[in-house]
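Participant: Would you mind keeping the following structure in view while I ask a few things?
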Amino acid sequence: MLKSKKIVFIDDSGDPGFKFGRGSTKYFAIALVVFDDDIDAEETSVIIKKFRRSLGWASHREFKFHQLRSDICCDFLRAVMKGNFTIRAMLLDKTKIADNQAIQGKTNFYHFAIKEVLAHNPDINNAHIHLDGKAENEYKRAVRTYFRQHLNVTKKTVEKFKFVDSKTDNLIQLADMVAGAIRRTTETDKSDHDRYYKIIKSKIVDLWKND
């Protein structure tokens, strides 16, 4: 019997700091874009390539939620809705986090956030995880060690880790766009705060909040 494998692309929106009033965001969103197989992942990547081409952009130009006009964000999200994937996400109000270890440094918080969002999605097994690979080698080694120690205790949540460059990986860019859309819902003073969420809502199978 073949094992059920998930292909997961993870990105976040907000910052992991806790210096409220001095630049740190109150809310932090982390999004998982989950595919059941490589074919679905590749087909969604092609959708993004074609959308980029329709804009007349160079092939290396990156989609990042907080750098795009509202109309392009909306059109991007509408285009990718044709892909076969699901969204699992977590939206954290950092002022309500009581885990002392989680707030002792940005790396610890990022580990904590990914561990929590995976823990809230127990159907993800034998996953191939893709993370933004811009971090230094020391950080990458720490991530691998942390997840092996904390996630594969009672079951094999993670089978492989792969660090990828968001500039060349369309599906990490998709995760960025989804995370940005979800965190924007907290910025209720902005007229577009729920515009993007409404587009992706049907793909969301789990959105956990700590409020």
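Where a number appears in this text, it was derived from the coordinates with a stated rule and is not lab data. Since this is a predicted model, take the numbers as computed values, not measurements. Backbone-built Cβ (ideal geometry, glycine too); neighbour counts: all protein chains shown.
Participant: Using a 10 Å cut-off around each Cβ, can you sort Val80, Val33 from fewest to most neighbouring Cβ atoms?
Facilitator: Fewest-to-most Cβ neighbours within 10 Å comes out as Val80, Val33.
Participant: Using DSSP H assignments, which helices in the chain have an axial alpha-carbon span of 27 Å or above and a mean Kyte-Doolittle hydropathy of 0.0 or higher?
Facilitator: Sorted by number, there is nothing, because no helix extends far enough and scores high enough.
Participant: For a quick check: sort Ile129, Ile204 by the number of other beta carbons within 10 angstrom, fewest at the front.
Facilitator: Ile204, Ile129
Participant: For the chain, what are Rg and Dmax over the alpha carbons, in angstrom?
Facilitator: Both quantities, over Cα of the chain: 16.7, 54 Å.
Participant: If R₀ is 25 angstrom, what is the calculated FRET efficiency for the pair Asp206 and Ala98, using the beta carbon separation as r and rounding to 0.05?
Facilitator: Efficiency for this residue pair is about 0.65.
Participant: Note down the magnitude of the dipole of the range 40-131 about its Cα centre, charges +1 on Lys and Arg C-beta and -1 on Asp and Glu C-beta and zero elsewhere, to the nearest 20 debye.
Facilitator: Magnitude of the dipole: close to 400 debye.
Participant: Per DSSP helix of 4 or more residues, -39500 (n - 2.57); summed, then divided by the residues of the chain. What does that give at 222 nm, rounded to the nearest 500?
Facilitator: Dividing the helical sum by the residues of the chain leaves -11500 deg cm²/dmol.
Participant: Only Cα pairs under 8 Å and at least 6 apart count here; give the relative contact order of the chain as a rounded whole percent.
Facilitator: Relative CO of the chain lands at 33 percent.
Participant: If you don't mind, another one. Using DSSP to call loops (not H, G, I, E or B), can you name the GluC sites (Glu not before Pro) in the range 1-71 whose Cβ has at most 12 other Cβ atoms within 10 angstrom?
Facilitator: Within the range 1-71, no GluC sites (Glu not before Pro) qualify (loop, at most 12 other Cβ atoms within 10 Å).
Participant: While we're on this one: Which pairs break 20 Å Cα to Cα here: Lys49/Lys115; Lys6/Lys26; Lys26/Lys198; Lys94/Lys198; Lys64/Lys167; Lys94/Lys134?
Facilitator: Check vs 20 Å cut-off fails for Lys49/Lys115; Lys6/Lys26; Lys26/Lys198; Lys94/Lys198; Lys94/Lys134.
Participant: Ok, one more. Calculate how many DSSP beta bridges within the range 7-209 are antiparallel, expressed in % of all such bridges and rounded to the nearest 5.
Facilitator: 50 percent
Participant: Can you sort Arg184, Arg53 from fewest to most other Cβ atoms within 10 Å of each residue's own Cβ?
Facilitator: Ascending number of Cβ neighbours within 10 Å: Arg53, Arg184.
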